[in-house]
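This report refers to the structure that appears directly beneath it.
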Amino acid sequence: MSDAIQPKDFVDNLLTLLVETVEGAPKLPTAYLDAKVSFFHTFKDISAEQASTPITSDGMTLAAHMEHARFYMDVLLQYMNGRTEKVDWDKSWQLKTVSAEAWDTLRDDFDTAYQEVKTHVQNVDAWGNFEIGDSMAIVVHSAYHLGAVRQMMKVLADAN
């Protein structure tokens, strides 16, 4: 028996965490402590006004976090596909407020970026250091911003 990780095992575990972070756990038990805490569950009932409300006077908004997480997925997917040029990360934080239409568009764009990453991960031919590192970074980074958003939502709820 080999101690080497089989690519299918890596992909299956990576996808489990990615899907749970964005879509939610398809079944119990979950890798997270709570069920229904994914991006999709979290943002389902958030209004554009709520998404545009910072918790501090100069703080980021829920919309800004979602746009940044979407941008990050897009860029790391580009890197996995060979991109080498630098990225203006500050650009991903410029969105602060959204109209109802822009909020719907942002949620759709986030879903599109996620679906593209998910499809790419399912179809990687050879898992090298960049593919492994970038795909893991997408999961970790997305989970971080999901946690930040969920904490912001608690502060906003307590303020009302």
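The values are calculated or read from the model by the stated rules, or taken from the named source; none is laboratory data. Remember, it's a predicted structure, so these values are computed and weren't measured experimentally. Note that each Cβ is placed from the backbone with ideal geometry, even for glycine, and that neighbours are counted across all protein chains shown. All accessible areas refer to the heavy atoms of the entire protein, side chains included, with ligands and DNA or RNA removed. Shrake-Rupley method; radii C 1.70, N 1.55, O 1.52, S 1.80 Å.
Tabulated data for the structure shown
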| item | result |
| --- | --- |
| For the chain, with +1 on Lys and Arg beta carbons and -1 on Asp and Glu, the positive-most of Q6, H65, P29 along the dipole | P29 |
| Largest to smallest accessible area among L17, L146, L156 [probe 1.4 Å] | L17, L156, L146 |
| Cβ charges +1 (Lys, Arg) and -1 (Asp, Glu), total dipole of segment 11-104, debye | 160 debye |
| Theoretical gain in end-to-end length, Q115 to M153 [0.36 nm per residue, Cα-Cα removed] | 11.2 nm |
| Global form of segment 1-107, assessed from the alpha-carbon gyration tensor, a/c cut-off 1.5 | oblate |
| In nm, spacing of pseudo-spin labels at E101 and S47 (7 Å Cα→C-beta vector) | 1.9 nm |
| Heavy-atom SASA rank of F110, F10 (probe 1.4 Å, accessible area, largest first) | F10, F110 |
| For the chain, calculated [θ]222 nm from helices alone, where every DSSP H run of n ≥ 4 adds -39500 (n - 2.57) | -20500 deg cm²/dmol |
| 1.4 Å probe accessible area per residue over the chain, in Å² | 60 Å² |
